[in-house]
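Shown next, in structure tokens, is the structure this report addresses.
Every number here is computed from the coordinates shown, using simple stated rules; none is lab data. A quick note: this is a predicted structure, and the numbers were derived from the prediction, not measured.
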Amino acid sequence: MKTAERILVTSLELFNQRGESSVSSVDIALELDISPGNLYYHFKGKEIIVAALFDLYREQMDQVFNSAQNKDLSIEEFFYFLFLVLEKGHLFQFLYHNQANLAENHPSVAKLFKKHLLFQEKSIEKLLNQFAKNGNIATSQTQRLQIVEIIGLVFTQAANYYALKGQDVSDETHLYKSLAMILFAVLPYIHLPEGELHHLQEAITSHSLVSRLTEE
């Protein structure tokens, strides 16, 4: 692995563990056992590292969202898509730790983050509109917009909520808890055969949604 890649990987780990504002460029250099000058040669300041990590985050998120567009997803595939979004957010969880701090210290990143969240909302709204058209869900446009906001809140705040409660957010458990919350919000509007709905609920409850879909 090249030095620049090692810097990004190590920075991401430290930011996720300690919070970006608590980690300095010197901390990153010490963790990598390189000189601050060597780090500066590759990234001229921590701000550049944060921006580079956000670019990676947005690139990976775009791949997930683009893969779901223009496809006739089933409800179960939709929840698998939501899981992948939650998983990417977890990988770059430092971006969600303190939004006010991010906006203050990295305004250009915060601006791009806001644009990404708007893109995310539009993409999910489009998927929900398709489900309504296909008869998989029965909602008004206003209700679908409320569901979009609920999903956005879960995406951005659920991990912080569980962490504040002292729960471990280092594995997939909280991702499935987040999926369960979204399913609870959408459940009254879903129109699926009872067997399919039970299959989806069981897959989320047993944390087997990903393995089931990837094996099919």
Degrees between helix 46-68 axis and first principal axis of the chain (Cα, 0 to 90, nearest 10): 20 degrees
Separation of alpha-carbon centers, segment 163-216 and segment 61-137, rounded to whole Å: 17 Å
Over the chain: helical MRE at 222 nm, DSSP H runs n ≥ 4 each giving -39500 (n - 2.57), nearest 500: -25000 deg cm²/dmol
Cα Rg, Dmax (largest Cα-Cα span) when computed across segment 11-160, Å: 18.1, 60
Relative contact order computed over the chain (Cα-Cα under 8 Å; 6+ residues apart), in percent: 19 percent
Lysines with Cα under 21 Å of LYS177, excluding same-chain neighbours fewer than 8 positions away: LYS88, LYS165
Kirkwood Rh in Å, taken over all unlike Cα pairs in segment 1-44: 10.2 Å
